[in-house]
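The values are calculated or read from the model by the stated rules, or taken from the named source; none is laboratory data. Given the structure is predicted, the values throughout are model-derived calculations rather than measurements. Neighbour counts run over all protein chains shown; Cβ positions are idealised from the backbone, glycine included.
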Amino acid sequence: MSKPKVTVIGSINMDMVTQTDVVPEQGETVMGTGFQTVFGGKGANQAVACARLGADVKMIGRVGDDAFGELLKGGLLAEGVSVDCVEPVTHCSSGVATILLSDRDNRIIVTPGANHRVDEAYVSSYEDVIASSDIVLVQLEIPLKTVVYTVDLCAKHQIPVILNPAPAQELPPETYEKSTYITPNESEQEQLFSKVSAALSEKLIVTQGANGVRWFENGQTEYVAGHQLVPVDTTGAGDTFNGALAVAIGNKQPLREAISFANAAAAVSVQSFGAQGGMPTTEEVWTFLANK
Ligand code: RIB
């Protein structure tokens, strides 16, 4: 089987992760229990998830001309992701995410830096890459105008596009209508899609963490159950789900199978530290499912 060609248009961040037993109140200082710098960014994470699962992946994004920029590109390259469309921005910092890991959950502040320079002109210069993809993935850590433009380009070239509306921000209704699938988590679904038309609801695939995934097909609510395990770090679970979903759809798997596979990949991912740390290979997903 040939590898699906996945293009990811999105953010590339350095994640600065502090582990702490106590989350400080305003004006308070507390002592942390650990600190690590790891590769992240919703776009880059989804690209790595796809690459580990065997796809041919191109990343369209930007880094700064600081020390993180080259490291971030090198990290993607080491995973087999093409960085030909990752250009550095001069006099600009790379995207960073400050992450507090506490009680097996996270709190994240993203400072976009160079990610905000992924503008329409930049994406337009890679229209041929988008047009020759089997599937495109886009999230909301780049300018919203760029997301709208990217979905328009995919519609123009009839390329399926998965819109991961994270972090939650409103987009024009036409952008939702032109997306092939939209993958909010529960809180994003509540914030953005509490009242939707029947046609739009058929595009929604709602991830619910340990409670599985629900979606709507032929007017019916469909569901796959979550996997019960004690997570080490849930950062990047949604990105793993989106990457795996794109690969499975790119491999022409039926929707239910694709969602079950992505659900299992996300469950594997939360068993290791870091957004990309636990992202599985295809064999690891099958082994996990076989041992259930
Ligand atoms: O989805 C997880 C990601 O969100 C982190 O890697 C962080 O960079 C933020 O973008």
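Looking only at strands (runs of 3 or more DSSP E) that fall completely inside the stretch 26-103, which ones have 1 or more residues that are polar (S, T, N, Q)?
Numbers: elements: 34-40, 56-64, 82-89, 95-102.
Hits in the stretch 26-103: 34-40, 82-89, 95-102.
State all residues of the stretch 32-68 that are more than 15 Å from the ligand (Cβ to nearest atom) and more than 19 Å from the chain's Cα centre (by Cα); if no residue qualifies, say none.
If the condition is that a residue be more than 15 Å from the ligand (Cβ to nearest atom) and more than 19 Å from the chain's Cα centre (by Cα), then G32, T33, G34, F35, D65, D66, A67 are the ones that fit.
Got a number for residues in the stretch 97-113 being crowded, with 22+ Cβ neighbours inside 10 Å and within 11 Å of the ligand (Cβ to nearest atom)? Walk me through it before giving the result.
So the first thing to find is which residues in the stretch 97-113 are crowded, with 22+ Cβ neighbours inside 10 Å, and the list is 97, 99, 101, 113.
Next, only the ones that are within 11 Å of the ligand (Cβ to nearest atom) stay: 97, 99.
Residues meeting the conditions: 2.
Looking at the stretch 129-140, which of its residues are touching a helix residue (DSSP H, G or I) at 6+ places or on another chain (Cβ under 7 Å), in contact (Cβ under 8 Å) with a residue 40 or more places away in the chain and away from the ligand (no atom under 16 Å from the Cβ)?
I130, D134, I135, V136
Select from the stretch 114-128 the residues that are away from the ligand (no atom under 12 Å from the Cβ) and within 19 Å of the chain's Cα centre (by Cα) and write down the one among them that is surrounded by the most Cβ atoms within 10 Å (Cβ to Cβ).
Within the stretch 114-128, the first condition is being away from the ligand (no atom under 12 Å from the Cβ), and the residues that meet it are 114, 116-128.
Pick out the ones that are also within 19 Å of the chain's Cα centre (by Cα) and you get 114, 116-119, 123.
Values: A114: 27, H116: 17, R117: 20, V118: 29, D119: 14, V123: 23.
Checked the stretch 114-128; the qualifying residue surrounded by the most Cβ atoms within 10 Å (Cβ to Cβ) is V118.
Do we have K195 as more than 16 Å from the ligand (Cβ to nearest atom), basic (K, R), touching a residue at least 24 places away in the same chain (Cβ under 8 Å) and not in a helix (DSSP H, G or I) here?
Details: more than 16 Å from the ligand (Cβ to nearest atom): yes; basic (K, R): yes; touching a residue at least 24 places away in the same chain (Cβ under 8 Å): no; not in a helix (DSSP H, G or I): yes.
No: the conditions fail for K195.
Among the residues in the stretch 35-47, are any buried (at least 23 other Cβ atoms within 10 Å of the Cβ) and either more than 23 Å from V6 (Cβ to Cβ) or in contact with a Cys (Cβ under 6 Å, 6 or more places away or on another chain) (or both)?
Looking only at the stretch 35-47, we keep the residues that are buried (at least 23 other Cβ atoms within 10 Å of the Cβ), and these are 39-47.
Restricting the remaining residues to those that are either more than 23 Å from V6 (Cβ to Cβ) or in contact with a Cys (Cβ under 6 Å, 6 or more places away or on another chain) (or both) gives none.
The answer is no, given that none of the residues of the stretch 35-47 is buried (at least 23 other Cβ atoms within 10 Å of the Cβ) and either more than 23 Å from V6 (Cβ to Cβ) or in contact with a Cys (Cβ under 6 Å, 6 or more places away or on another chain) (or both).
Cβ-Cβ under 6 Å, sequence separation 6+ or interchain: first residue in the stretch 21-44 and farther than 30 Å from P165 by Cβ and β-branched (V, I, T), partner at pLDDT 95 or above and within 16 Å of the ligand (Cβ to nearest atom). Which pairs?
Listed pairs, sorted by first residue: T33/Q19.
What is the number of the single condition among (1) under 15 Å from K178 (Cα atoms); (2) away from the ligand (no atom under 13 Å from the Cβ); (3) within 17 Å of the chain's Cα centre (by Cα) that P143 does not meet?
Answer for P143: the failing condition is (1).
Out of the residues in the stretch 9-34 that are aliphatic (A, V, I, L, M) and within 16 Å of G277 (Cβ to Cβ), state the one that is surrounded by the most Cβ atoms within 10 Å (Cβ to Cβ). Break it down into steps so the answer makes sense when it comes.
Residues of the stretch 9-34 aliphatic (A, V, I, L, M): 9, 12, 14, 16-17, 22-23, 30-31.
Keeping just the survivors that are within 16 Å of G277 (Cβ to Cβ) gives 14, 16-17.
On the way: M14: 25, M16: 16, V17: 23.
This residue is M14.
Among the residues of the stretch 62-114, what is the count of those that are among the small types (G, A, S), touching an Asp or Glu at 6+ places or on another chain (Cβ under 8 Å), within 21 Å of Q139 (Cα to Cα) and touching a residue at least 40 places away in the same chain (Cβ under 8 Å)?
Matching residues across the stretch 62-114 total 3.
Just to verify a result, which residue in the stretch 133-154, among those that are in contact with a strand residue (DSSP E or B) (Cβ under 7 Å, 6 or more places away or on another chain) and not β-branched (V, I, T), is surrounded by the fewest Cβ atoms within 10 Å (Cβ to Cβ)?
If we take residues in the stretch 133-154 being in contact with a strand residue (DSSP E or B) (Cβ under 7 Å, 6 or more places away or on another chain) and not β-branched (V, I, T), then D134 is surrounded by the fewest Cβ atoms within 10 Å (Cβ to Cβ).
If you check G277, G250, G243, which single one turns out to be over 19 Å from K3 (Cβ atoms) and surrounded by 16 or more Cβ atoms within 10 Å (Cβ to Cβ)? If you could, list the steps in order and put the result at the bottom.
Values: G250 fails: over 19 Å from K3 (Cβ atoms); G243 fails: over 19 Å from K3 (Cβ atoms).
Within the list G277, G250, G243, the selection yields G277.
Given the conditions (1) within 16 Å of the ligand (Cβ to nearest atom); (2) in contact (Cβ under 8 Å) with a residue 60 or more places away in the chain; (3) buried (at least 21 other Cβ atoms within 10 Å of the Cβ), and given that P231 satisfies all but one, which numbered condition is not satisfied?
In the conditions (1) within 16 Å of the ligand (Cβ to nearest atom); (2) in contact (Cβ under 8 Å) with a residue 60 or more places away in the chain; (3) buried (at least 21 other Cβ atoms within 10 Å of the Cβ), P231 misses (3) alone.
Determine which single condition E79 fails, assuming it passes every other condition in (1) under 30 Å from D21 (Cβ atoms); (2) within 15 Å of the ligand (Cβ to nearest atom); (3) acidic (D, E).
Result: E79 passes all but (1).
Can you tell me which residues in the stretch 155-176 are assigned to a helix (DSSP H, G or I) and either of a type in the set (G, A, S) or surrounded by 20 or more Cβ atoms within 10 Å (Cβ to Cβ) (or both)? Lay out the reasoning, then the answer.
Going residue by residue through the stretch 155-176, those that are assigned to a helix (DSSP H, G or I) are 155-157, 173-176.
Scanning the stretch 155-176 gives A155, T175, Y176.
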